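Asks: Let me give you the structure first, and then I'll get to my questions.
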Amino acid sequence: MSTLTIFDSARDAAESAPAASTSRPIPAVLGADLEVPVKGGRLVGYANLDYAASAPCLEPVSAAVAAALPAYSSVHRGAGYASQLTTARYEQARHTVRAFAGARPDDAVIFTRNTTDATNLLAGCLPEGTTTVVFDTEHHASLLPWPKAVRLAPPAFPGEAVRAADEALAGIDGPKLLVVTAASNVTGELWPIAALAHIAHRHGARILVDAAQLVPHRKLNLTALDLDYVAFSGHKLYAPFGAGVLIGRRDWLAEGKPYLAGGGAVRSVAEEVEWHDDPEPRHEAGTPNVLGAIALAAACDALSATGWTELVREEERLIARLRAGLASVAGVRELSLWGDDHPRVGIVSFTVAGYSAREVAEALSGEYGIGVRDGKFCAHPFVRHLLETSDGGCDDDTASAVRASIGIGTTQEHVDRLIEAVRDLVARR
């Protein structure tokens, strides 16, 4: 199987669900008119290019939360009208998120705080002796939670990722789990998750996909891709109300230790505790983040109703303009694992010769009203690999990069302002 075929199979599967027959205009985000102070005391419109950290709130999401607040109540065990209505909204949110992810009808949908919370939840449910295979290119949320892990070096090309996973899984006895991102939070590059799922299943393993950076940019179809588990966060999906989700097969989740010990996770408490065997209540002890779940579902609804064709077209236009513009500036180096032509979502990480990443980010903010991210993006091994350095802790600016990321609400003016600002900084050296 060629590299191109491996990648295309993942992309085609992700886009295989039929598009809606009608679509709506791209929704607006809150804060689009935000003005920020810059050097000299002027106010300028904020160019938010930090979507990969946390995306702004969509207006339909804010409206859904506002509509739910008057009847807000605790869920699942109240007889009052407000509790019954809030329970219905919360459970409808579960169905909405399941449909958005293209999950199987019997998959569990467990609301969590974020992707990190979701991966840690699954880590606590692995069968005894499970070995996890994970690449050093992963976000710390996917790299760190596992009690027993085999870590693989960054692959030189997508086919190498499949080959390395194949060899690693073949050498493991007992339960095994392959963990991989769908889209890198450092480079935006898309991973061949369909091919990796196929390899995992051929070796009797399961696969968890970190979809946090994929779902704000591309359609996800868990069933078509044949994934066992996916995790993603609301705050990256235009729903910054503190909710995430773990979706996947029920058996490990039903048998694993409840994530939190408390009310709602139990059927009965006496001398012995009888825990729920349904993974959803079993792992959602206490009063859940109802508004977060409603917000997450509203974001899923808004993106699905808009349709992905126009969203992807506009993003690809802007990211191509950004990458071409940065490439035209002497001393700017874009970070990439698999080369300039590899498909990616709206994320670009780069360095500027003569400046630390923190100096660039501070200048962009203080002088130009541009928000970007600098650092290692909770992916220290990967960033060190891309920068070809073994040095650099979290606070070391010399082993860091600048990350610009786009999404709904990003304009061509934002992109052009960043390019010209970087060009101005380089000209000062």
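Asks: Only one of these conditions is not met by Ala168: (1) among the hydrophobic types (A, V, I, L, M, F, W, C); (2) touching a helix residue (DSSP H, G or I) at 6+ places or on another chain (Cβ under 9 Å); (3) assigned to a helix (DSSP H, G or I). Which number is it?
Replies: It is condition (2) that Ala168 fails.
Asks: Filter region 200-218 for residues that are open to solvent by 10 Å² or more (accessible area, probe 1.4 Å) and more than 16 Å from the chain's Cα centre (by Cα); which is farthest from Trp146 (Cα to Cα)?
Replies: Of everything passing the filter in region 200-218, Arg202 is farthest from Trp146 (Cα to Cα).
Asks: Would you confirm, using the coordinates I've provided, whether Leu303 is open to solvent by less than 10 Å² (accessible area, probe 1.4 Å), part of a helix (DSSP H, G or I) and in contact with a helix residue (DSSP H, G or I) (Cβ under 6 Å, 6 or more places away or on another chain)? I'd like the intermediate steps shown before the answer.
Replies: Values: open to solvent by less than 10 Å² (accessible area, probe 1.4 Å): yes; part of a helix (DSSP H, G or I): yes; in contact with a helix residue (DSSP H, G or I) (Cβ under 6 Å, 6 or more places away or on another chain): no.
It is false that Leu303 is open to solvent by less than 10 Å² (accessible area, probe 1.4 Å), part of a helix (DSSP H, G or I) and in contact with a helix residue (DSSP H, G or I) (Cβ under 6 Å, 6 or more places away or on another chain).
Asks: Then there's this: So for region 321-329 (the condition being more than 27 Å from Pro56 (Cβ to Cβ), aliphatic (A, V, I, L, M), outside any helix (DSSP H, G or I) and open to solvent by 20 Å² or more (accessible area, probe 1.4 Å)), does at least one residue qualify?
Replies: No, region 321-329 has no match at all.
Asks: The conditions are (1) touching a Gly at 6+ places or on another chain (Cβ under 6 Å); (2) modelled with pLDDT of 95 or more; (3) closer than 30 Å to Gly124 by Cβ, and Val290 fails exactly one of them. Which is it?
Replies: Unmet condition: (1).
Asks: Would you point out which residue out of Val245, Val230, Val215, Val209 is among the β-branched types (Val, Ile, Thr), in a loop (DSSP other than H, G, I, E, B) and out of contact with any His (no Cβ under 7 Å at 6 or more places or on another chain)?
Replies: On the way: Val245 fails: in a loop (DSSP other than H, G, I, E, B); Val230 fails: in a loop (DSSP other than H, G, I, E, B); Val209 fails: in a loop (DSSP other than H, G, I, E, B).
Only one candidate qualifies: Val215.
Asks: Can we say Val230 is β-branched (Val, Ile, Thr) and modelled with pLDDT under 95?
Replies: Working: β-branched (Val, Ile, Thr): yes; modelled with pLDDT under 95: no.
Considered against the rule, which asks whether it is β-branched (Val, Ile, Thr) and modelled with pLDDT under 95, Val230 comes out as no.
Asks: Report yes if Val44 is in contact with a strand residue (DSSP E or B) (Cβ under 8 Å, 6 or more places away or on another chain) and more than 29 Å from Gly264 (Cα to Cα), otherwise no. Reasoning before the result, please.
Replies: Numbers: in contact with a strand residue (DSSP E or B) (Cβ under 8 Å, 6 or more places away or on another chain): yes; more than 29 Å from Gly264 (Cα to Cα): yes.
So Val44 passes the test.
Asks: Among the residues in region 44-52, are any at pLDDT 95 or above and farther than 23 Å from His217 by Cβ? Give the steps one after another, and end with the answer.
Replies: First, pick out the residues of region 44-52 that are at pLDDT 95 or above: 44-52.
Filter once more, so that each one left must be farther than 23 Å from His217 by Cβ: 44-45.
Looking through region 44-52, at least one residue is at pLDDT 95 or above and farther than 23 Å from His217 by Cβ.
Asks: Pick out, from region 36-141, the strands (runs of 3 or more DSSP E) lying fully within it that include 2 or more residues that are under 26 Å from Ala254 (Cα atoms) and assigned by the TED database to the domain that holds Ile193. Walk me through how you get there before you give the answer.
Replies: Details: elements: 43-45, 108-112, 131-135.
In region 36-141, the matching strands (runs of 3 or more DSSP E) lie at 108-112, 131-135.
Yes/no per residue for (1) open to solvent by less than 10 Å² (accessible area, probe 1.4 Å); (2) over 16 Å from Asp107 (Cβ atoms):
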| position | (1), (2) |
| --- | --- |
| Leu220 | yes, no |
| Leu237 | yes, yes |
| Gly244 | yes, no |
| Ala254 | no, no |
| Asp278 | no, no |
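Asks: What pairs come up if the first residue lies in region 74-93 and is open to solvent by less than 90 Å² (accessible area, probe 1.4 Å), the second is among the aromatic types (Phe, Trp, Tyr) and modelled with pLDDT of 95 or more, and their beta carbons are under 7 Å apart, counting only those six or more places apart or on different chains?
Replies: Taking only residues 6 or more apart or on different chains, the pairs are Val75/Tyr90; Thr86/Tyr72.
Asks: Still on this structure: Right, Ala194: farther than 19 Å from His385 by Cβ, of a type in the set (Gly, Ala, Ser), outside any loop (DSSP other than H, G, I, E, B) and open to solvent by less than 40 Å² (accessible area, probe 1.4 Å) or not? I'd like the intermediate steps shown before the answer.
Replies: Values: farther than 19 Å from His385 by Cβ: yes; of a type in the set (Gly, Ala, Ser): yes; outside any loop (DSSP other than H, G, I, E, B): yes; open to solvent by less than 40 Å² (accessible area, probe 1.4 Å): yes.
Against the criterion (farther than 19 Å from His385 by Cβ, of a type in the set (Gly, Ala, Ser), outside any loop (DSSP other than H, G, I, E, B) and open to solvent by less than 40 Å² (accessible area, probe 1.4 Å)), Ala194 qualifies.
The values are calculated or read from the model by the stated rules, or taken from the named source; none is laboratory data. Just so it is clear, the model here is predicted, and its values are computed rather than measured. Cβ: placed from backbone, ideal geometry, glycine included. Neighbour counts: every protein chain shown. What goes into the accessible areas is simple: the full protein's heavy atoms, side chains included, and nothing from ligands, DNA or RNA. Shrake-Rupley method; radii C 1.70, N 1.55, O 1.52, S 1.80 Å.
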